[in-house]
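**Q** Could you have a look at this structure, given as structure tokens, before my questions?
The values are calculated or read from the model by the stated rules, or taken from the named source; none is laboratory data. If you're wondering where the values come from, they're calculated on a predicted model, not measured in any experiment. Methodologically, a virtual Cβ is constructed for each residue, glycine included, from the backbone with ideal geometry; neighbour enumeration extends over all protein chains shown.
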Amino acid sequence: MSITRTRLTPAASREAALEAARVLLIEQGPQAVTLKAVAARVGRTHGNLLHHFGSAAGLQRALTASLAERITAGIGEAVRRARAGEADPRLIVDLTFDAFGREGGGALASWAILSGDRAALDPIVTATRQLVDQLGPHEGRPVEAITLTLVLTALGDALMGGEMAQALGLPREAARAMATERLLALATGPGAAPASGFAPDKDK
């Protein structure tokens, strides 16, 4: 019995492959994102994916670009809402940490670094720079430094945050809470009240 494959436009076929690659990344890690595995997921041939991406490295770079675009769009919207007083700044932190954690961005970045393909990080770097430029300063204060701190903290938390928090006797959410404090300090200026409970207790 012959198998009838659904006809997709080239754009739709490419998007289906990227979504399958994203699921593989989350479920099994970056080493599982191969042309063969993605082709099996979407019912396409290895040759079809070669046509779209050129190689496994090309597929992973396209996945990184797709993730970076989608994630920075969500973070950008959260920043705009927080600046307008319509959202808690913690949402910005959670979106960033989730991007590197459960969305697999941290694993993908570390895989690129360890494999020597640092150019695969370009979409993340470029998307972040573009987002910062689009948002601009907050009440006259530049946001580059807090962005750097937030991204690197989220990346580190994704890679070994659980282990370090446990070793130091801190809650698993400690890094997110402290990152939120930094955002609040930027929003309200020096002397802002800490929100996470990790500030020293002045009564002791």
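**Q** Identify all residues within the stretch 78-109 that are outside any helix (DSSP H, G or I), in contact with a helix residue (DSSP H, G or I) (Cβ under 6 Å, 6 or more places away or on another chain) and within 25 Å of G162 (Cβ to Cβ); write none if there are none.
**A** Answer for the stretch 78-109, where residues must be outside any helix (DSSP H, G or I), in contact with a helix residue (DSSP H, G or I) (Cβ under 6 Å, 6 or more places away or on another chain) and within 25 Å of G162 (Cβ to Cβ): P89, G101, G104.
**Q** I need a count of the residues in the stretch 155-177 that are within 19 Å of T72 (Cβ to Cβ) and either of a type in the set (S, T, N, Q) or touching a residue at least 60 places away in the same chain (Cβ under 8 Å) (or both).
**A** 3
**Q** Looking at this structure, is A68 crowded, with 18+ Cβ neighbours inside 10 Å, closer than 18 Å to A17 by Cα, assigned by TED's automatic domain parsing to the domain that holds A154 and at pLDDT 90 or above?
**A** yes
**Q** Continuing with the same structure: Quick check on F198: is it modelled with pLDDT of 90 or more and not assigned by TED's automatic domain parsing to the domain that holds T34?
**A** no
**Q** Another question, if that's okay. Return yes or no: is V33 closer than 20 Å to Q130 by Cβ and β-branched (V, I, T)?
**A** no
**Q** Now for a separate question. Select from the stretch 33-65 the residues that are free of Cβ contacts under 8 Å to residues at least 40 places away in the same chain and among the basic types (K, R) and write down the one among them that is surrounded by the most Cβ atoms within 10 Å (Cβ to Cβ).
**A** Among them, the one singled out is R44.
**Q** Okay, next question. Name the single residue that is farthest from P30 (Cα to Cα) among those in the stretch 108-127 being under 12 Å from the mean Cα position of the chain (by Cα) and surrounded by fewer than 19 Cβ atoms within 10 Å (Cβ to Cβ).
**A** V125
**Q** Does G74 satisfy being closer than 30 Å to A175 by Cβ and in a loop (DSSP other than H, G, I, E, B)?
**A** Taking the combined requirement at face value, the residue does not satisfy it.
**Q** Based on what the data block shows, is A112 within 30 Å of R61 (Cα to Cα), at pLDDT below 90 and assigned to a helix (DSSP H, G or I)?
**A** Judged against the criteria, A112 is a match.
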